[in-house]
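Taken together, the values in this text are just the output of simple stated rules run on the coordinates, not laboratory data. Just so we're clear, the structure is a prediction, and the values are computed from it rather than from any experiment. Note: ideal-geometry Cβ built from the backbone for every residue, glycine included; neighbour counts use all protein chains shown.
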């Protein structure tokens, strides 16, 4: 076929006429695209459904089969979710990391497909290496900041870690710059635009995928509840909106996603808020009695967190779907049906996580604005690096403030 | 033309449906989509050149130089404009930090505008609904976010007094995020069936441009607040490197440096490196003697002005250094008096000469990729603002990272502000820890209640 003919990418710098350019890999890919674009997706989606399922459902019509496959996979994912929650934060962090890498991979692959870069094997290898490098750099930067913040005592003790953390930003920047310079040095004459596109595509993907997965981890460190409630609210909203739409759906919501309806949207909103309240009760204190109290008494006794959960679930139902619409628009723009076909019946990992990203950022901003104050040990750490006169000045101001508030008796320390 | 029709015939049934639906008035939209298809699939070489920028040289200059040949005329125009820019630069420095901030802000807006305009031209997306307003809106949001963070840090006393500002500062992140989200939702709602891809391209283009221009201009301002010298020395090093590399290349240039910029030569590169290091060293020596350049910029709420008065930090106090044995033989001195800052200036000028040019190569590659000669034609003989500032961006980030890693500790007033937000029990425990630390270090005497 036209693909993979070596040396196409290196055609000599002949005079630029139309016919000459047809020798380029780009135009060959054109004819390739003709056949690819005959269907609705550039890469034919193979059927990933395991044989077991296929056999079990072989009797049903294809519509019900699809429904069952989706249903079973949904249950499998939710069960998996509970298992890893049970296994604890470290496992969760690892899972978040894996999801992040998979999402990054999926989006980058789409970029390749869009630009038909498979025809330029050297380009693909080179840019894949560069992208992996940038992914590692940005992750190194973020993980370093997290580790420095939360594992402060451990870091201070181990000499190499201490130096790495003290000059962390500089090291990360130097690593990034190396990648940048490599990119500049790797620019090849005929394919500037392609290379710049991939560079831009990589950076936008990094911005979306990596930063937000780190925000999720920050939320996690704040408390598992700040991880579980938002994620489950988004999932609940997905499912409830689908069900309400299935049974009552009539008025279309947005041209971008013709299957969404206003009935589904509103039904999903109320169910999610309710769900959030219930989950927060259970999360704040394990016990069903808490839920009963809310309804029985006239004055409502709630955990303060439940009020926050209303904010979280409202965001999940009202604004979260915009993340989904964004992803739908993206898929239509680049003429793909799903981000990938990792999960049978559901598509790629990105398909499941598109609403989660906005949610993660929101939760992080919410915590930083309304919940968490600054971290005292981090403040002490910063204090210790100041100059003596600055330290004294701060100490005295703090002391005056405490005396003012009556927290500290003016002459004695506790 | 026939090739185009062939490709049209082969496009998806989906696209054809869209064409049929719209009817006769759809030619323009169909053209856009198809054009985009072509843009994506073809190689670099068939993109038509963007029309050359108009000549914006003022009439006066033209008349004065009408006698000379075209080559010398160009040289003179470039030279005069360079001098004009440098003088303008000195003037603004004289006018003070506030003017500098404004200057940085206007340059940022102009660069953003230039790059976005290129995006429009590349994708013929002048007619996209909403998009211009959305780009400006995002620019405003991100600037609001960054300026809010800066204002909160440096204008603490000013802010304390005004109630409304207090509210804005305390929930600053949340407000900025809400503003950004509004823009995001507007973008999603503005997606129009025929132009999805274009709109996503422009969205991504906007965000990458924001990342490059806005974040870095704020790093420049943060460097400025650290002390004018941290603003002047890096910028002038980059300019010096530009000029001296050009001069060395002009007189001695022989070996080409990189295929991307055929005019650059190794001789120019190395000559520029050494000249810039020497220049940085000497320039820092002069600047380090004046408080105006050396002190962190502070806002004085009584006089409502920026002041630069302080006790210069040890970086700017003359120290005796012993010359390493190697250099002793060459220079004949055993010790030398210099400011510690001059050592840092080595790092800054080295970066400006060795890595800074990569920013320039990146911009050259970008211009070749999108087939433009200059970013814009704002400055006669030089091109757009971006053309002048492409090397500066990497420099600004480097200086900021350098300062936070090696020079500056945390900002004391910011630290204090955060301490005061803590819960009383937390404050008490922090107080005790600090106290024991200070006593241990002998800064605080145990017997006196300092």
Q) How would you rank B:287, A:161, going from fewest to most other Cβ atoms within 10 Å of each one's own Cβ? A) A:161, B:287
**Q.** Spin-label pair residue A:257/residue A:174, simplified geometry with 7 Å Cα→Cβ offset, distance in nm
**A.** 4.6
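Shape of segment A:88-192 from its Cα gyration tensor (a ≥ b ≥ c, root eigenvalues): rounded if a/c is under 1.5, otherwise prolate when a/b > b/c, or oblate?
oblate
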Q. Mind checking the mean number of beta-carbon atoms from other chains within 10 Å of the Cβ atoms in B:173-183?
A. 3
Q. Based on the Cβ-Cβ distance of residue B:437 and residue A:311, what FRET efficiency does E = 1/(1 + (r/R0)^6) give at R0 = 30 Å, to the nearest 0.05?
A. 0.15
Q: Would you kindly state how much longer the chain becomes between residue B:215 and residue B:87 on full extension, computed as 0.36 nm times their sequence separation minus their alpha carbon distance, in nm to one decimal?
A: 43.4 nm
Q | Projected area, mean over directions - segment A:166-261, Cα convex hull, nm² | A | 10.6
Q: Largest first and in whole Å, give the semi-axes of segment B:174-332's equivalent ellipsoid, each being the square root of 5 times a Cα gyration tensor eigenvalue.
A: 42, 31, 11
Q: Once you have a ≥ b ≥ c as the square roots of the Cα gyration tensor eigenvalues for segment A:315-365, tell me rounded if a/c is under 1.5, and otherwise prolate or oblate according to whether a/b is larger than b/c.
A: prolate
Q: Answer rounded, prolate or oblate for segment A:172-221, using the Cα gyration tensor with square roots of eigenvalues a ≥ b ≥ c: rounded when a/c is under 1.5, else prolate when a/b is larger than b/c, else oblate.
A: oblate
Q. Hey, with R₀ at 35 Å, roughly what FRET efficiency would residue B:193 and residue A:67 work out to, going by the Cβ-Cβ distance, to 0.05?
A. 0.75
